[in-house]
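Each remark here refers to the structure printed beneath this line.
Any read-out appearing in this document is the output of simple, stated calculations on the displayed coordinates, not a laboratory observation. Source: prediction; values computed, not measured.
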Amino acid sequence: MDMKLLGRDLDSGTILTRGREVIAIEAHALTQLAAALGDSFADACRAILKTQRQLVVSGMGKSGHIARKVAATFAATGTPAIFVHPGEAAHGDLGMIRPGDVLLVFSNSGNTAELRAILRFARLNGITIIGVASRKNSLVCELADVPLLLPNVREACTVNIAPTTSTTLQLALGDALAMTVMDMRGVSKAHLQKLHPAGSIGLALTPIGELMHEADRLPLIETHAGMPHAISVMTAGCFGLAGVVDAQGALVGIITDGDLRRRFGVLGTAFAHEVMTHGPKVIPLDMPAGEALVFLNDNQITAAFVVEDPAVGPPVPLGIIHIHDLLRHGLN
């Protein structure tokens, strides 16, 4: 950006140009970071995976904000992790760090003075140090057992001072470490759901079996049921459909408002099996609620029966879920 423009009320075009420039600078830096990953990244992931106690993440200033977020991401994805402020560490919080921990330190320059105490404490106590910095010949990289060198790029700040590009790189590297270690641990959706019992993430991961309407609400009819009965069941059920089951209780078809309109002329004499749509879409009992919402939207249906496992045995209806149920719970 032209330095002469600083401090002026700029037109919208210039403002947009600057915003896009910042994003482009950081995007280019991320591409450099991805290309720069090497064996040290794999070593860092293995060290974190083998942590006997917990991962301790630390950093000062803007790097500290990134470190706090990275610790939270690790904790939320199966790796016990805490953030320790380096300034507070030198005033007693070093007691939070014990042998068996792994220390992950973020610093752009690598020479942040406040990190000296926590780094030396870790070295004296045999704690593995993973150091993230942009300078190879720095305190952080020299004391680290596993140094992770960030590309030495300019900040998106016009005068190359405000931490912008550097913190974006730190955040991306922290996410890359956390997601890779999560995969190495084999963390499942069920495990993540236990770690996120509340909020939108917890709701999206909740098995549909915990949200569905159960047996006493199921609008079911037999294959030879007359259409007056079918319409009565559909009306009482308030789901806009009726499931058609065979003698063994397996779902063989479904009748919707659309089926009624298409066969309107024969509704007085037709049976359920003559009007129904064969092979209706069903939802497995353990499907996460977030996926169930996508399933309903993708298939352009408002409700579906829930079954044990459509791939194993006849689809016996255990419940039913309506898209409005998911929206009322807060999914979107």
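Figures for the structure shown
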read-out: Mean residue ellipticity (222 nm) of the chain, computed from DSSP H runs ≥ 4 via -39,500 (n - 2.57), nearest 500; value: -12500 deg cm²/dmol
read-out: Mean projected area (nm²) of the alpha-carbon convex hull when segment 208-329 is viewed from all directions; value: 7.1 nm²
read-out: Relative frequency of Cα-Cα separations exceeding 26 Å in the chain, percent; value: 62 percent
read-out: Rounded Å value of the spacing that divides the Cα centres of segment 21-59 and segment 118-177; value: 9 Å
read-out: Full-stretch length increase - Thr14, Glu274 - with 0.36 nm per residue and alpha-carbon distance subtracted; value: 87.0 nm
